[in-house]
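Read-outs throughout are calculated quantities, based only on the coordinates presented, and are distinct from any laboratory measurement. These numbers come from a predicted model, not from an experiment. As a convention, Cβ positions derive from the backbone with ideal geometry for all residues, glycine included, and neighbour counts pool all protein chains shown.
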């Protein structure tokens, strides 16, 4: 069964006639189109891809099993002509379509067309990866491992955080990838910011440095965080790293089909809280990775993480502890959920690495 067939089954279950897919990531997933302007209609009887004149030839090469339509400057007007005058229930991606776009769509469509918020049916399919997707993610992860190895050889001390971040991203590009998000390089007290932006500040000896990188290769992402030492550490930093590593490995051991994302998060969270640092771990333990670096399923402490893990999910396990004004550490692996457990895809060592 094709991706479009599976999404079509969800469309039927939602009691819709058609789904309008406007997220470009979801359009790519369904049609193979990699350009920056496209829409798709998916339903039991219809599969239509729409783009503008800039991408007609590209769509001919990339899009299969969908009727292809070129739309003018007002795509929703063309969409109305395609749908015709009859009554139907048209679902839309309510987490994607803006209020302004919804207004324009409503104005363009006949009154007989009912616009229905459809949630995230395409994302639900994307969460469970096919074998070919897993191999692309594996390749992106291996590339990031190679970049880490090279960076460890080049050293950190005396270089600025921004210089190291640019070097990391340059190596990804030299290997045919793009960063899947802006790289994080955070040393010393700056490591207490989970999403720290690299600064024009030299990295000192004898401190922790958190590096968080991801590569996008052939459309698919990786995500991996390592925290390195730049020389002998104080007791607080050493104990902090050991705590995060213990929590991360315990949460990894809980990854398998069956538990919810909230269950896995609780494993890491309880260890960190028992050590007196519960207030210093404010983000979730992980998230899904695929065509986007942050997608479903979620592994956190809210109801958004109640979904059960199944084979084919690709998730991160990344607890961290952040001590404002002092230091921080995070360790993150990329993990495949398998039929009988899990496979850790990140290959760079997690034992505390000293990089001068």
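Would you kindly give the portion of the calculated P(r) for segment 251-356 that falls above 20 Å, as a percent of all Cα pairs? That fraction is 39 percent. Axis of helix 131-154 versus longest Cα principal axis of the chain: the two differ by about 30°, to the nearest ten degrees.
Label-to-label distance, residue 181 versus residue 130, with points set 7 angstrom from Cα along the beta-carbon direction: 2.7 nm.
Computing FRET efficiency as 1/(1 + (r/R0)^6) for residue 294 and residue 338, where r is the C-beta to C-beta distance and R0 is 35 Å, gives about 0.95. Taking the chain as a Gaussian network, where each spring joins two C-alpha atoms under 10 Å apart, which residue of 61, 215, 250 fluctuates the most? Looking only at 61, 215, 250, the largest GNM fluctuation is found for 61.
Look at where the Cα atoms of segment 301-348 and of segment 14-29 average out, and the two centres are 28 Å apart. Extending each Cα 7 Å along its Cβ direction at residue 157 and residue 1, get the distance between those two points in nm, one decimal. Result: 5.9 nm between the two label points. All C-alpha to C-alpha distances of segment 302-356, sorted into 5 Å bins beginning at zero, yield P(r) values of 4, 14, 17, 20, 18, 12, 9, 5, 1 percent in whole numbers.
Beyond 26 Å, what share of the Cα-Cα pairs of the chain is found? Please give it as a whole percent. Of all Cα-Cα pairs in the chain, 55 percent lie more than 26 Å apart. Normalising the average separation of contacting C-alpha pairs (under 8 angstrom, six or more residues apart) by the number of residues puts the relative contact order of the chain at 15 percent.
With a simple spin-label model that places each label point 7 Å from the Cα along the Cα-to-Cβ direction, the separation between residue 99 and residue 202 comes to 5.1 nm.
Every pair of different Cα atoms in segment 35-102 enters the Kirkwood calculation, which places the hydrodynamic radius at 13.1 Å. Here residue 238 and residue 195 are evaluated by their C-beta separation; at R0 = 30 Å the FRET efficiency comes out at 0.80. Cα-based values for segment 90-135, radius of gyration first and Dmax second, are 14.7, 46 Å.
Once you keep just the Cα pairs under 8 angstrom separated by 6 or more residues, what percentage relative contact order results for segment 63-191? Let's see the in-between values first.
On the way: 75 pairs, mean separation 23.2, N = 129.
Across segment 63-191, relative contact order equals 18 percent.
Computed over the Cα atoms of segment 1-49, the ratio of the radius of gyration to the Kirkwood radius (Rg/Rh) comes to 0.95. The alpha-carbon positions of segment 160-268 define a convex hull whose volume is 122 Å³ per residue. Largest mean-square fluctuation among 135, 107, 343, in a Gaussian network model of the chain whose springs join Cα atoms under 10 Å apart, belongs to 107.
Considering only 285, 327, 238, the Gaussian network model of the chain with Cα springs below 10 Å gives its largest mean-square fluctuation to 238.
Using all alpha carbons of segment 3-126, what is the percent of pairwise distances in each 10 Å bin, ordered from the shortest bin to the longest? Distribution as computed: 14, 49, 35, 3 percent.
Applying 1/(1 + (r/R0)^6) with r as the Cβ-Cβ distance of residue 67 and residue 88 and R0 = 25 angstrom yields a FRET efficiency of 0.90.
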